[in-house]
Amino acid sequence: MFDKIAFRYDFLNRFLSAGIDKIWRRKAIQTLMPYRPKQMLDVATGTGDFALMSFKMLHPQKITGIDISTGMLELGRKKIEKAGLSNVIELKEGDSEAISFNDNSFDAVTVAFGVRNFEDLEKGLSEIRRVLSPGGRLVILEFTRPSTPVIKQIYQLYMKYITPAVGKLFSKNNEAYQYLNDSVVRFPEKQSFIHILNKTGYRNAFYKTLTFGICSIYCAEK
């Protein structure tokens with residue numbers, strides 16, 4: 001599904017969010033600034049947007065991005081090569097639930113709009129914790145459902161009807177953008193997700209909502 005929409009993925013992210021997704025990504029990355037991570041892993045990296053922005057803001061020694069979609073990765077590698085960053089950002093095919101790195105390999109792990117796609121959420125989070133160094137930081141950016149009545153109604157209308165229609169128009173794939181809404185609805189968000197982070201062994205977990213509760217940043221450490 002993601003291979004099929006890869007060619008329009010970046011455009012639709014900007015279009016459907018009116019560019020606000022860039023602000024969300026920037027705010028998530030800013031949470032890592034005090035820690036100055038040297039080795040970073042970006043899980044469900046897609047076309048590498050978050051990895052590219054992370055490098056520009058944090059300047060780590062190395063960022064590795066993993067994703068199961070070869071179509072997304074191909075586009076991401078082209079973007080990274082064009083930016084002249086192939087020596088510091090590497091995109092590899094990989095599964096969040098079977099990460100092919102040794103224990104304690106990364107100072108920080110990020111996941112932007114991908115954790116809700118984990119088939120086994122707790123297994124994926126446990127794998128991320130395994131490859132984090134002690135004291136390492138996990139930062140997750142994910143859609144949430146607003147609770148304010150008027151905003152909630154507008155959001156539901158937008159996600160249920162407008163997003164799939166626009167997705168079908170530009171990517172010729174209605175299924176993918178219907179899946180977006182369905183996966184957001186199913187995701188155990190906010191305090192429920194914090195409970196899962198605690199259960200899988202993380203500490204000091206917290207979240208912060210953005211833009212009327214449409215999106216949230218989750219932070220935790222090993």
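The values are calculated or read from the model by the stated rules, or taken from the named source; none is laboratory data. As the structure is a prediction and not an experimental result, all values here were calculated from the model. Here the Cβ is made from the backbone with ideal geometry for all residues, glycine too, and neighbour counts use every protein chain on show.
Here are the numbers for the structure shown:
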| read-out | value |
| --- | --- |
| Candidate set from segment 57-73 (those that are in contact with a strand residue (DSSP E or B) (Cβ under 9 Å, 6 or more places away or on another chain) and surrounded by fewer than 18 Cβ atoms within 10 Å (Cβ to Cβ)); member that is farthest from residue 24 (Cα to Cα) | 70 |
| When residues of segment 194-214 are limited to those that are in a strand (DSSP E or B) and charged (D, E, K, R), the one farthest from residue 32 (Cα to Cα) | 203 |
| Members of segment 118-129 found to be out of contact with any Phe, Trp or Tyr (no Cβ under 9 Å at 6 or more places or on another chain) and more than 17 Å from residue 204 (Cα to Cα), listed by number | 118, 119, 120, 122, 123, 127 |
| Long-range neighbours under 8 Å by Cβ, at least six apart or interchain, first residue farther than 20 Å from residue 39 by Cβ and in contact (Cβ under 8 Å) with a residue 24 or more places away in the chain within segment 55-79, second assigned to a helix (DSSP H, G or I) and of a type in the set (A, V, I, L, M) | 69/6; 71/6; 72/6; 74/6; 75/6; 79/52 |
| Among (1) touching a Ser or Thr at 6+ places or on another chain (Cβ under 8 Å); (2) within 28 Å of residue 208 (Cβ to Cβ); (3) among the hydrophobic types (A, V, I, L, M, F, W, C), the one test that residue 154 misses | (1) |
| Positions within segment 101-146 being modelled with pLDDT under 95, over 21 Å from residue 52 (Cβ atoms) and not hydrophobic (A, V, I, L, M, F, W, C), in sequence order | 116, 119, 144, 145, 146 |
| Residues within segment 29-69 that are assigned to a loop (DSSP other than H, G, I, E, B), of a type in the set (Ser, Thr, Tyr), in contact with an Asp or Glu (Cβ under 9 Å, 6 or more places away or on another chain) and closer than 16 Å to residue 141 by Cβ, tallied | 2 |
| Tally of residues being under 13 Å from residue 139 (Cβ atoms), in contact (Cβ under 8 Å) with a residue 24 or more places away in the chain and among the hydrophobic types (A, V, I, L, M, F, W, C) across segment 194-208 | 1 |
| Counted residues, segment 104-123 - those being in contact with a strand residue (DSSP E or B) (Cβ under 8 Å, 6 or more places away or on another chain) and either outside any loop (DSSP other than H, G, I, E, B) or small (Gly, Ala, Ser) (or both) | 11 |
| Any hit, segment 148-156, residues being surrounded by 18 or more Cβ atoms within 10 Å (Cβ to Cβ), part of a helix (DSSP H, G or I) and either at pLDDT 90 or above or not basic (Lys, Arg) (or both) | yes |
| Residue within segment 16-23 that is at pLDDT 95 or above and basic (Lys, Arg) present | no |
| Criterion violated by residue 142 - all others in (1) surrounded by fewer than 20 Cβ atoms within 10 Å (Cβ to Cβ); (2) within 17 Å of the chain's Cα centre (by Cα); (3) not in a helix (DSSP H, G or I) satisfied | (1) |
| Selected residue [small (Gly, Ala, Ser), touching a residue at least 60 places away in the same chain (Cβ under 8 Å) and closer than 24 Å to residue 222 by Cα] from 98, 51, 108 | 108 |
